[in-house]
Amino acid sequence: MIAQKFEYTAPKSLDEALHLLASGAKPIAGGMSLIPMMKLRLAAPEHLVDLRALKDLSYIREAGGQLHIGATASHYDVESSALLRQKCPLLTETAAAIGDVQVRNMGTIGGSVAHADPAADYPAALQALEAKFVLQGAKSERVVGATDFFVDAFTTALEPGEILREVIVPIDDARTGTSYQKMAQPASGFAIVGVAARVRQNAGKISFARLGITGLSNRAYRASASEKALEGKSSTPADIQSAAALVAQGIDANSDLHASADYRRHLAVVHASRALKTALSRIA
Amino acid sequence: MDITLTINGKSYSQDVEPRLLLIHFVRDVAGLTGTHMGCETSLCGACTVELNGKAIKSCTMFAVQAKGADIVTVEGLASDGKLDPMQEAFWNEHGLQCGFCTPGMIMASKQILDRNPAPTEDEIRHGLEGNVCRCTGYQHIVNAVKAAAAGAGK
Ligand SMILES: Cc1cc2nc3c(=O)[nH]c(=O)nc-3n(C[C@H](O)[C@H](O)[C@H](O)COP(=O)(O)OP(=O)(O)OC[C@H]3O[C@@H](n4cnc5c(N)ncnc54)[C@H](O)[C@@H]3O)c2cc1C
Ligand code: FES
Ligand code: FES
């Protein structure tokens, strides 16, 4: 399988990359989604700009009480980051659940988020973390929150010519526990359903809950009905079960050869309950 | 586009089309046919090579992306006629039948031990999720990785 002809540039600077993107070129990062699409000729960009050539775009660092992850940090960089393991274990757990070793060595957080595959893993965690995305164009830069960023299947708030430059996630205190639970499609590893939970407890009561869901519908979303149901509860099995039961409320569930809509909804409830229990058990 | 890659310590320069896949560079330009093309769709891992120390699927990378990189293929493992310990372990443990998946399995298995010299069985299976074998049922491959780990620990 050979892709259609294209021109390739390894840019020397972000400015050069943005300039080329402004005139219609397309970014390539790990290529783990784009190259398969190009080989199948579902995508036929005329000009690729290789973001991995920008050596200083794969950082993972702490600044101003938040964590900043450069677009080309690979899934392996995230999975193996000691800083993230300590300060944002939800992200390392999610990265480790993506695809396989070879895919994690190449695929990047920026590419996964920009691609916005409805079955991708990161979007669930990034919704639960209320992540912010720094989008940069040749002339301007803006910051968009996760709820506004994921618009539809393969559709995000990114405008033509913009790149996702950085992902920003918060640092939670020790009263917060997180977990990512997924049902993987056995061949590719993509999530048939994946649930990221982030819960905080105060004096035995849940004071804060965030649930990010992927795989169920066209875009990763926050299960706000479940979140509200948890707040103020003392996290008994019955509390968790009734909150998890609301996870697919109002959602138009996808159906495909891997799972029917009803089965996906069922999986979402089961995995929400597992993610919540595990997250609560991890609170220090 | 002119590119130079190092494969198994040897430098290869060639004017290539940007759409040339790395696996075609390895097999057709460098003539190293140990790396196999299985699925062509990023799923089977038969085409796994090491790129700057990381296992990657060479059917899902353009050769131009690897410009200047240091690549190791299965042919680069043995030295002076002596097999690499992972190759030796696959042989001893019958980690192959038809052998089609083997070059990729060996490259992925080496990545497992590079990052974790004493993996559990679960960690070995997790590390091989990107590699498909239609013959062995995997058990002997897992045994081979265990044996290589034990051998290296001696
Ligand atoms: C076998 C296999 C299994 C997989 N399993 C999983 C899985 O289990 N879970 C999962 O979540 N994913 C999985 N993936 C997808 C993988 O995570 C990809 O790495 C990811 O979706 C895309 O990241 P990339 O860096 O490879 O992007 P690319 O493929 O290079 O790019 C993808 C798209 O994003 C655009 N883009 C890339 N970077 C940027 C940027 N910084 N700003 C703006 N646009 C950008 C590109 O133009 C392109 O349109 C799998 C892939 C394969 C091949
Ligand atoms: S040939 Fe590359 S993954 Fe199958
Ligand atoms: S030995 Fe035949 S495919 Fe693995």
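The values are calculated or read from the model by the stated rules, or taken from the named source; none is laboratory data. All values reported here derive from a predicted model rather than from experimental measurement. Methodologically, a virtual Cβ is constructed for each residue, glycine included, from the backbone with ideal geometry; neighbour enumeration extends over all protein chains shown.
Got a number for residues in the stretch B:78-130 being hydroxyl-bearing (Ser, Thr, Tyr) and more than 19 Å from residue A:79 (Cβ to Cβ)? First the steps, then the outcome.
Step one: filter the stretch B:78-130 for residues hydroxyl-bearing (Ser, Thr, Tyr), giving B:79, B:102, B:109, B:120.
Still in the list and also more than 19 Å from residue A:79 (Cβ to Cβ): B:79, B:102.
The qualifying residues number 2.
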**Complete:** The condition of being over 26 Å from residue A:29 (Cα atoms), at pLDDT 95 or above and away from ligand 3 (no atom under 16 Å from the Cβ) holds, among B:113, B:51, only for B:113
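How many residues are modelled with pLDDT of 95 or more, outside any helix (DSSP H, G or I) and either surrounded by 13 or more Cβ atoms within 10 Å (Cβ to Cβ) or among the aliphatic types (A, V, I, L, M) (or both) when one looks only at the stretch A:1-16? Give the steps one after another, and end with the answer.
Residues of the stretch A:1-16 that are modelled with pLDDT of 95 or more, as a first pass: A:3-16.
Narrowing further to those that are outside any helix (DSSP H, G or I): A:3-13.
Okay, now just the ones that are also either surrounded by 13 or more Cβ atoms within 10 Å (Cβ to Cβ) or among the aliphatic types (A, V, I, L, M) (or both), so A:3, A:6-11.
Qualifying residue count for the region: 7.
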**residue A:95 vs. criteria under 20 Å from residue A:170 (Cβ atoms) and crowded, with 22+ Cβ neighbours inside 10 Å** = yes
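Going through the stretch B:118-133 one residue at a time, which ones are of a type outside the set (A, V, I, L, M) and within 13 Å of chain A (Cβ to nearest Cβ)? Explain how you work it out, then say what you get.
Keep residues of the stretch B:118-133 that are of a type outside the set (A, V, I, L, M), which gives B:119-123, B:125-127, B:129-131, B:133.
Scanning the stretch B:118-133 gives B:119, B:122, B:123, B:125, B:126, B:127, B:129, B:130, B:131.
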**Request:** Being within 9 Å of chain B (Cβ to nearest Cβ), buried (at least 20 other Cβ atoms within 10 Å of the Cβ) and of a type in the set (A, V, I, L, M, F, W, C) is the filter here, so list the residues in the stretch A:18-52 that pass it.
**Result:** A:28, A:32, A:35, A:38, A:48
**Prompt:** Which of the strands (runs of 3 or more DSSP E) contained wholly in the stretch B:14-88 include at least 3 residues that are crowded, with 20+ Cβ neighbours inside 10 Å and within 13 Å of chain A (Cβ to nearest Cβ)?
**Reply:** B:48-51, B:54-57
**Request:** For residue A:138, state whether it is surrounded by fewer than 24 Cβ atoms within 10 Å (Cβ to Cβ) and in contact (Cβ under 8 Å) with a residue 12 or more places away in the chain.
**Result:** yes
**Message:** Residues that are under 14 Å from the mean Cα position of the chain (by Cα) and assigned by TED's automatic domain parsing to the domain that holds residue A:107: list the strands (runs of 3 or more DSSP E) wholly contained in the stretch A:163-223 that include at least 2 such residues.
**Reply:** A:163-170
**Asked** Right, residue B:148: more than 11 Å from every other protein chain (Cβ to nearest Cβ), surrounded by 22 or more Cβ atoms within 10 Å (Cβ to Cβ), touching a residue at least 60 places away in the same chain (Cβ under 8 Å) and away from ligand 1 (no atom under 16 Å from the Cβ) or not?
**Response** yes
**Item:** Yes/no for residue B:98 being within 14 Å of chain A (Cβ to nearest Cβ) and surrounded by fewer than 16 Cβ atoms within 10 Å (Cβ to Cβ)
**Value:** no
**Request:** Given the conditions (1) at negative phi; (2) surrounded by 17 or more Cβ atoms within 10 Å (Cβ to Cβ); (3) away from chain B (no Cβ under 14 Å), report the number of the one that residue A:182 does not fulfil.
**Result:** (3)
**Prompt:** Any residue in the stretch A:60-67 that is away from chain B (no Cβ under 11 Å), in contact (Cβ under 8 Å) with a residue 12 or more places away in the chain and farther than 30 Å from residue A:172 by Cα?
**Reply:** no
